[in-house]
Each structure stands twice: as C-alpha cells, then as structure tokens.
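Comments concern the structure below.
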Amino acid sequence: MIFKALFDTIRVLFISISMIEFFHTILYIPLFNGFVGVYSLIPDVGIVILLITVLIKLLLYPLNTSSIEAQRSLQELQPKLEELKKKHKDNQQVLAQETMKLYKEHKVNPLGSCLPLLIQLPIFIALYWVLQDGLTTNDFSILYSFVQDPGTINPISLGLFDLSKPQIALALLAGGAQYWQAKSLSRKRPPKAAGKGGKDEGMAAMMNKQMLYFMPVITVVIGMQLPGGLSLYWFLSTLFMAVQQVILTKKSDKNN
C-alpha cells in the first residue's frame, strides 16, 4: 500500500541518521510501554487508544489553544493582508516589512498555528510504529521492568474492529471529524454591499471552503490505507481538537 510504504520509507530514513536513537528512546519506547501497560489493565486496544489520545491532548492543550487562536487571528487579518498585497505588489521587500508590522500590531504569530502540528507529527509517526508493532508481533523485549508482558495483544476492539487492519468505517469517521473541524473555522461569505473589504473576505471564504472538502477527502483516502488503530487515533484526536475549537470560539465571541 502507498502510505504504508511511505511510512516505512520514513522509518528507514530515520534509522539512517543518529537522531533515531533519540526518537526511539524519547517517543517510541515510552509510547509502546504506555500502550502495553494500559492494555495489561484494560485489555481492549480501542479503549487504550482512547486513553492515550486523551493524555496526549491534555499534554498539548496549551499549544492547541494557541494554535486555534492564531488561526482565528490570521483569518481576521486576511482582508488587510490582501489589501497590503495589492498595495505593494511591485515591491516585495516593503510588502514583507508591512506584513510583519501588521502581525506585530495585532500580536499575531504567523507560525503559531503550525507549531502544534510540527510537534504532533513525530508523535503520530511513533504511534503508527507502536500500533504496527504492538498489534502484529509478540516481541515485548523493550518493556520497562515494571510493565507486565501480556504475551500477545488482541487487536479486536469491542468485538467489532480489527485495529491492526484498515477500517473503512473509522477512516470515514476521521474524515467526518476533519470536516467538522474545518467547518468550525470556515468563514461566511460577506454580503455584496460589504464593498472592497467584503471582496477580500469572500476570497478567504472561498479558500476555506476548498479546504473544507479537500482535507476530509485526503483524510479518508489515507485512513483507508492505515491500520484501524491509527485511524481511530486520528478520529479521536481531530474530534477533541474540533470540540476545543468550538468551545474557544464561543468563549471568544461571548467576550467580544
């Protein structure tokens, strides 16, 4: 499968550099031990993934909050950014200076929305390997001394899903959660009477609408080729992110 080959290729690239030991020690082994340790207490991989997802989201809550706020701030600045692009289209240096000045005035970090994604990517890759290894092998030699060796791990969750294999239903759920998350950030089209600023708002709305449908489709396509356990994590992680997004948006609107 394409994406399995892609992740395996990434793994080979990681092995070829010295940072693999750091990555393996800091992320993979703790996640693997946590996964097996919780499974020893609650022998259902679906519930184990749910608990791991909740833990990861709690740890990343401050970063996710700043990311959501940064996305909202960037959306609100979009009309002004478009105006600057038109005004200084022939002078890229001035455009860059004015753009940074605008960010500074409104206290917006343009990289703020990307940081949590960059942090979660290694976790996502490590969790992929954990699920792939934990659900398909009986080798538990890297367990800490205080973690019980389960012998084998049953990949069936709730008696329905084999999370070691791709699950279309979970991929669709992940895509649905991705759609809801994008929908909660999408901008409404402005009325025609809004004038020049309204035109810029409309451009931002069109871009958001494209992402609204593109990302869920990509999520489903990828999810259909990944182990069901990873699709479940993707679904739960996106769902929690969307809920946090909605809560913060309502809180911000109320304060305004």
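Quick one: which of GLU82, GLU76, GLU69 is open to solvent by less than 40 Å² (accessible area, probe 1.4 Å), of a type in the set (Asp, Glu) and over 30 Å from GLN148 (Cβ atoms)? None of the others qualify; the one that does is GLU82.
Here is a list: VAL108, VAL147. Which entry is open to solvent by less than 90 Å² (accessible area, probe 1.4 Å) and at pLDDT below 80? Exactly one residue qualifies, and that residue is VAL108. Answer with yes or no whether SER141 is out of contact with any Lys or Arg (no Cβ under 7 Å at 6 or more places or on another chain) and open to solvent by less than 40 Å² (accessible area, probe 1.4 Å). Here the answer is no, as SER141 does not meet what is asked. Within the range 16-54, the residues that satisfy the criterion of being of a type in the set (A, V, I, L, M, F, W, C) and open to solvent by 50 Å² or more (accessible area, probe 1.4 Å) are ILE17, MET19, PHE22, ILE26, LEU41, ILE42, ILE47, LEU50, LEU51, VAL54. Screening the range 164-201 for residues that are among the polar types (S, T, N, Q), surrounded by 19 or more Cβ atoms within 10 Å (Cβ to Cβ) and closer than 24 Å to ILE68 by Cα and picking the one that is modelled with the lowest pLDDT gives GLN181. Restricting LYS85, LYS80 to those that are without any contact (Cβ under 8 Å) to a residue 12 or more places away in the chain, more than 28 Å from LEU236 (Cα to Cα), out of contact with any His (no Cβ under 8 Å at 6 or more places or on another chain) and charged (D, E, K, R) reduces the list to LYS85.
Do we find that LEU77 is touching an Asp or Glu at 6+ places or on another chain (Cβ under 7 Å) and more than 30 Å from LEU226 (Cα to Cα) in this structure? Answer is no for this residue. Looking at (1) open to solvent by 40 Å² or more (accessible area, probe 1.4 Å); (2) modelled with pLDDT of 75 or more; (3) part of a helix (DSSP H, G or I), which is the only condition ALA126 fails? Result: ALA126 passes all but (1). Need pairs with beta-carbon distance below 8 Å; first residue free of Cβ contacts under 8 Å to residues at least 60 places away in the same chain and within the range 128-150, second among the hydroxyl-bearing types (Ser, Thr, Tyr) and open to solvent by less than 90 Å² (accessible area, probe 1.4 Å); sequence gap 6+ or separate chains. Close Cβ pairs satisfying both conditions: THR136/SER164; ASN138/THR152.
Evaluated against (1) modelled with pLDDT of 75 or more; (2) loosely packed, with under 15 Cβ neighbours inside 10 Å, ASP90 falls short on exactly one condition, (1). Taken together, the residues in the range 151-163 that are open to solvent by less than 40 Å² (accessible area, probe 1.4 Å) and either closer than 14 Å to SER231 by Cα or not small (Gly, Ala, Ser) (or both) amount to 5. The single condition among (1) charged (D, E, K, R); (2) surrounded by fewer than 17 Cβ atoms within 10 Å (Cβ to Cβ); (3) modelled with pLDDT of 80 or more that LYS57 does not satisfy is (2). Please indicate, with yes or no, whether at least one residue in the range 130-139 is at pLDDT 75 or above and more than 24 Å from ILE56 (Cβ to Cβ). The answer is yes, given that some residue of the range 130-139 is at pLDDT 75 or above and more than 24 Å from ILE56 (Cβ to Cβ).
The values are calculated or read from the model by the stated rules, or taken from the named source; none is laboratory data. Keep in mind the model is a prediction, meaning the values are calculated, not measured. We place every Cβ from the backbone using ideal geometry, glycine too, and count neighbours over all the protein chains shown. The area values use the complete protein model at the heavy-atom level, side chains included, leaving out ligands, DNA and RNA. Shrake-Rupley method; radii C 1.70, N 1.55, O 1.52, S 1.80 Å.
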